[in-house]
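Peer 1: I have a structure here, written as structure tokens, and I will follow up with some questions on it.
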Amino acid sequence: MKRRLRMAMVGGGRDAFIGAVHRMAAGLDGRIDLVAGALSSTPEKSLASGRDLLLPDDRNYPTFEELIDGETGRDDGADFVSIVTPNHMHFPVAERALRAGLHVVCDKPMTLDVREAEQLVETVETSGLLFALTHNYTGYPMVKEARERVARGDLGRIRKVVVEYPQGWLAEDLESTGQKQANWRTDPARSGAAGCMGDIGTHAANLAEYITGLPIEELCADLTTFVPGRQLDDDGNVLIRFEGGARGVLYASQVSIDEENALAIRVYGERGGLEWHQEEPNTLQLKWPDRPRETMRTSGQGVAEITAYNTRLPAGHPEGFLEAFANIYRNFADCLIARLEGVEPPEAARDFPTVHDGARGMRFIDAVTRSTRDDQSKWTRL
């Protein structure tokens, strides 16, 4: 293509966290320009946020409806919409964008409930448009290496998966202070049926399924709300049964004091195991019954082709959250550019979370909340 892809953004204005992350990730590879925005649910704040980002007046919209109508009415309109709103707005924006012919990148969890997720799957499939979900941890090179190792059978048949995501930032009642991120994440009307488990537990579940290639079949969950007055869970423990017989344990918490973003996973098979930590993302540990454990590093010898494809820097230079996020945007962009040019994208570029991963995340949230409510039959199918 002789131009960059044109991105419109809904959400991510003043005081937002994840919108800036999406903008940096989208711009990292020079394939995408932010050309339009409806950056807040409040029209005045939306317009002010657009001016902060130097959006032109005629592409700085007060509402997402006006953005979609305006961009689809232009010869130089947006190619896709990036949705970075609180959860309750993901579905209405994505649905309207897709029906208007715009491709979509959406933050997670994908929708407010399973019903919306199923409707969005149908809309994506009917439209034939691209839809990417930003489960960004799947963008790390060593996560892709772990997936490759499992897929080619290095570990043998998978027996055990242990995945955890502890944070400590909600150990106190931040939402009553007006803190924006705490406020909407603990509100069922905007966050959905789960709090901690919807916000970060879905990342842990997605990571387990991505690396092992094994869908979660059923689970037994215990969600807890520790902070008095909080409406949604802030801690959860889940026993998991995977397709094929593997067993798992998933723990997610936002009241684990002094933990930052300690996402980690351990996978054990008949012939070996592996371990990866998000706070040390360039390292993958491989474990064997008959020899010392191996430490693999990004850009090291022996990594899989897809690992090298998603590695951006020479060995020893830290790669992290933004680069992993950018890998999803780059892969999505490469697939969209290929489609616009009428050619096939590289195989490695097809590796990003889709609407189907989003629907699985919503079924996971639904299952853990149902399991927690039902004291008579804890095991719940997805």
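Peer 1: May I ask you to list the residues in region 217-236 that are touching a residue at least 60 places away in the same chain (Cβ under 8 Å), of a type in the set (D, E) and in a strand (DSSP E or B)?
Peer 2: Answer for region 217-236, where residues must be touching a residue at least 60 places away in the same chain (Cβ under 8 Å), of a type in the set (D, E) and in a strand (DSSP E or B): E217, E218, D222.
Peer 1: Related question: So in region 147-164, with the set limited to residues that are under 17 Å from the mean Cα position of the chain (by Cα) and not in a helix (DSSP H, G or I), which one is surrounded by the most Cβ atoms within 10 Å (Cβ to Cβ)?
Peer 2: Here the answer is V163.
Peer 1: Can you find a residue in region 109-125 that is under 17 Å from I328 (Cα atoms), within 18 Å of the chain's Cα centre (by Cα) and surrounded by 24 or more Cβ atoms within 10 Å (Cβ to Cβ)?
Peer 2: Checked against the condition, which is being under 17 Å from I328 (Cα atoms), within 18 Å of the chain's Cα centre (by Cα) and surrounded by 24 or more Cβ atoms within 10 Å (Cβ to Cβ), region 109-125 yields at least one hit.
Peer 1: OK, next. If you take just the helices (runs of 4 or more DSSP H) that sit entirely in region 282-377, which of them hold at least 3 residues that are of a type in the set (S, T, Y)?
Peer 2: 355-373
Peer 1: Next up: Need the failing condition index for K180 against (1) modelled with pLDDT of 95 or more; (2) surrounded by fewer than 16 Cβ atoms within 10 Å (Cβ to Cβ); (3) on the phi < 0 side of the Ramachandran plot, just the number.
Peer 2: Result: K180 passes all but (1).
Peer 1: So, one more: Between P92, P86, which is over 15 Å from the mean Cα position of the chain (by Cα) and closer than 16 Å to M9 by Cβ?
Peer 2: P92
Peer 1: When you look at T85, is it of a type in the set (S, T, Y), touching a Gly at 6+ places or on another chain (Cβ under 9 Å) and either surrounded by fewer than 19 Cβ atoms within 10 Å (Cβ to Cβ) or within 21 Å of A36 (Cα to Cα) (or both), yes or no?
Peer 2: yes
Peer 1: Report, by residue number, each residue of region 7-44 that is out of contact with any strand residue (DSSP E or B) (no Cβ under 9 Å at 6 or more places or on another chain) and without any contact (Cβ under 8 Å) to a residue 40 or more places away in the chain.
Peer 2: If the condition is that a residue be out of contact with any strand residue (DSSP E or B) (no Cβ under 9 Å at 6 or more places or on another chain) and without any contact (Cβ under 8 Å) to a residue 40 or more places away in the chain, then R14, A20, G30, S40, T42, P43, E44 are the ones that fit.
Peer 1: Of the conditions (1) free of Cβ contacts under 8 Å to residues at least 60 places away in the same chain; (2) more than 30 Å from G272 (Cβ to Cβ), V81 fails just one. Which one is it?
Peer 2: (1)
Peer 1: Do we find a residue being outside the structural domain of A208 (by TED's automatic domain parsing), closer than 27 Å to R23 by Cα and among the charged types (D, E, K, R) anywhere in region 109-124?
Peer 2: yes
Peer 1: Considering region 249-266 alone, what residues qualify as being assigned to a strand (DSSP E or B) and touching a helix residue (DSSP H, G or I) at 6+ places or on another chain (Cβ under 6 Å)?
Peer 2: Correct list: L250, A252, I265.
Peer 1: Return the residues of region 47-81 that are surrounded by 13 or more Cβ atoms within 10 Å (Cβ to Cβ) and at pLDDT below 95; say none if nothing qualifies.
Peer 2: Within region 47-81, no residue meets the criteria.
Peer 1: While we're here: Under 7 Å between Cβ atoms, at least 6 apart or on separate chains: pull out the pairs that start in region 241-257 with a residue that is at pLDDT below 95 and surrounded by fewer than 17 Cβ atoms within 10 Å (Cβ to Cβ) and end on any residue that is of a type in the set (G, A, S) and not in a loop (DSSP other than H, G, I, E, B).
Peer 2: none
Peer 1: Mind checking which residues of region 88-114 are closer than 20 Å to I32 by Cβ and assigned to a loop (DSSP other than H, G, I, E, B)?
Peer 2: Listed by number, the residues that qualify are A100, G101, L102, D107, K108.
Peer 1: Of a type in the set (D, E, K, R) and in the same structural domain as Y210 (by TED's automatic domain parsing) - does that describe any residue in region 298-315?
Peer 2: yes
Peer 1: Let me ask you something else. Somewhere in region 315-330, is a residue of a type in the set (S, T, Y) and more than 27 Å from R6 (Cβ to Cβ)?
Peer 2: no
Peer 1: Go through (1) of a type in the set (K, R); (2) surrounded by 24 or more Cβ atoms within 10 Å (Cβ to Cβ); (3) part of a loop (DSSP other than H, G, I, E, B) one by one and return the number of the condition K144 breaks.
Peer 2: Among (1) of a type in the set (K, R); (2) surrounded by 24 or more Cβ atoms within 10 Å (Cβ to Cβ); (3) part of a loop (DSSP other than H, G, I, E, B), K144 violates only (3).
Peer 1: Only one residue in A25, A48 is assigned to a helix (DSSP H, G or I) and either under 21 Å from the mean Cα position of the chain (by Cα) or among the acidic types (D, E) (or both), so which one is that?
Peer 2: Of the residues listed, the single one that is assigned to a helix (DSSP H, G or I) and either under 21 Å from the mean Cα position of the chain (by Cα) or among the acidic types (D, E) (or both) is A25.
Peer 1: Can you tell me which residue among V150, V124, V114 is under 21 Å from D199 (Cβ atoms) and at pLDDT 95 or above?
Peer 2: After ruling out the rest, the residue left standing is V114.
The values are calculated or read from the model by the stated rules, or taken from the named source; none is laboratory data. These numbers come from a predicted model, not from an experiment. Please note: Cβ atoms are built from the backbone with ideal geometry, for glycine as well, and neighbour counts cover all protein chains shown.
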